[in-house]
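Single-structure report; data block below.
The values are calculated or read from the model by the stated rules, or taken from the named source; none is laboratory data. Only a predicted model underlies this, so the values are computations on that prediction, with no experimental measurement involved. So basically every Cβ, Gly included, is an ideal-geometry build from the backbone, and we count neighbours across all protein chains shown.
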Amino acid sequence: MSDPASASAIISIDLDAVATNYGHIRSIAAGADVAGVVKANAYGVGMVPVARTLAAEGCRNFFVADPDEGATLRAALPDAAIYVTNGLMPGAGAAYRAHALSPCLGSLAEIEEWRREAALAGRALRAALHFDTGLSRLGFDEAETRRLIGSPASLAGLDITLVMSHLACSDEPAHPLNALQLARFKSIRAAFPAVPASFANTAGVLLGPDYCFDMVRPGYGLYGGIPAEGSPNPFHPAVRLEGRILQIRDVSAGSTAGYGASWKAEGPRRLAVVATGYADGYFRSLASAKGAGRVYIGGHYAPVAGRVSMDLLIIDLTGLPEEAARRGDLAELIGPHVTLDEVADRAGTIGYEVLTRLGDRAKRHYTGDRLTP
């Protein structure tokens, strides 16, 4: 897509950066296979173009959250191995079989249901076994883990291609739960010595080779986010959000801006209205009352003035050269100068949420030599 004049907000995705980030993870993954986590529309970036880019880089294993995502991905990548992290949805086995999806089974009830599907199919069906080692979310708990390990016959009729768990605190490298989960997972994995094992997300890879096992499952790092607190970012930014300036006006001292009149001009100010708001994924909490939001325009930073509304935000251009911003120009809201993680920190959230809340109204524009049809 070109950059049409009609676009209020533009999300640019650099697929070369995604590929470069994938390659970096592969270089530090201690020889483990590097899968691609493309759930939630590839964290809001675009599942199909991202997955095709990763496949061109040699990625053969992908993780989605639910079977509908898996069906969309299967249409784009007929030969990929696709794992569904939310497990087997009750009564949805036929949909998994129709699209050759592998559920990440996390309960004995799921195993029983998937075995029934295998019997209907007349063949062994692929699946991963998901063990809870400290997140208390999905996965076999301690009691079910003991029962499963003690009764291998309960897996008859299934082709178990992966044993996996998920780290709770990998973004905090010094957290003691990381080592505790690792020890628990090693003990579980010992019961399945012939099955490949997967434990680490992006931040888990950075914890070191002990966490990598046979397969790693990066997500956030592929899209350029900082995966661990207080660490330099080894990844290239892949996402840029820009909003178009609609109007520029001068206001006098005492003038207010935005809903609630929460911002008041302390002197003559020059303001610009940008055609991006919280409907586009620019957080309402990025308001000047909290000293939070800023954008980058014409080589300069400009703070947000007043509340962010559904479709619009106001920025303060006071002190910038007149030529720095003109009607129709694009202001960088997320990008190389206002990073994803900076925006998340200023909004009081995490970059994962910022990415996944990017709105559908913003035009997505893919760049890079790795563009595929």
Inspect all residues belonging to the stretch 254-275 and state whether any of them is assigned by TED's automatic domain parsing to the domain that holds residue 341, closer than 24 Å to residue 44 by Cα and touching a residue at least 12 places away in the same chain (Cβ under 8 Å). yes
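For every residue, the table says whether it meets (1) within 22 Å of residue 270 (Cβ to Cβ); (2) touching a residue at least 24 places away in the same chain (Cβ under 8 Å); (3) more than 20 Å from the chain's Cα centre (by Cα); (4) buried (at least 19 other Cβ atoms within 10 Å of the Cβ).
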position	(1), (2), (3), (4)
301	yes, yes, yes, no
311	yes, yes, yes, no
329	yes, yes, yes, no
333	yes, yes, no, yes
336	no, yes, no, no
352	no, yes, no, no
Cβ pairs under 7 Å, 6+ apart, first in the stretch 222-249 and modelled with pLDDT of 95 or more, second assigned to a strand (DSSP E or B) and among the charged types (D, E, K, R): 238/14; 240/332; 242/332; 248/270
Which of the residues spanning the stretch 227-261 are over 25 Å from residue 361 (Cα atoms), of a type in the set (Gly, Ala, Ser) and within 33 Å of the chain's Cα centre (by Cα)? 228, 230, 231
Go through the stretch 117-136 and count every residue that is among the charged types (D, E, K, R), over 17 Å from residue 184 (Cβ atoms) and assigned to a loop (DSSP other than H, G, I, E, B). 1
Do you know which residues across the stretch 276-293 are assigned to a loop (DSSP other than H, G, I, E, B) and either of a type outside the set (A, V, I, L, M, F, W, C) or not assigned by TED's automatic domain parsing to the domain that holds residue 346 (or both)? 276, 277, 281, 282, 284, 285, 291, 293
Specify the residue that is farthest from residue 215 (Cα to Cα); the eligible residues are those in the stretch 63-110 that are among the polar types (S, T, N, Q) and in contact (Cβ under 8 Å) with a residue 40 or more places away in the chain. 86
Would you mind stating whether residue 272 is in contact with a Gly (Cβ under 9 Å, 6 or more places away or on another chain), assigned to a strand (DSSP E or B) and either at pLDDT below 95 or surrounded by 13 or more Cβ atoms within 10 Å (Cβ to Cβ) (or both)? no
Residue list for the stretch 333-354, restricted to those being acidic (Asp, Glu) and touching a Gly at 6+ places or on another chain (Cβ under 7 Å): 341
Subset of the stretch 35-58, residues over 10 Å from the mean Cα position of the chain (by Cα) and hydroxyl-bearing (Ser, Thr, Tyr), comes to 53
For the stretch 247-269, enumerate the residues that are surrounded by fewer than 15 Cβ atoms within 10 Å (Cβ to Cβ) and closer than 22 Å to residue 359 by Cα. 259
Residue 240 passes all but one of (1) surrounded by 19 or more Cβ atoms within 10 Å (Cβ to Cβ); (2) in contact with a helix residue (DSSP H, G or I) (Cβ under 7 Å, 6 or more places away or on another chain); (3) more than 15 Å from residue 171 (Cβ to Cβ); which number fails? (2)
Take residues that are outside the structural domain of residue 155 (by TED's automatic domain parsing), at pLDDT 95 or above and surrounded by fewer than 20 Cβ atoms within 10 Å (Cβ to Cβ) and tell me which of the helices (runs of 4 or more DSSP H) falling wholly in the stretch 1-116 contain 3 or more. 15-28
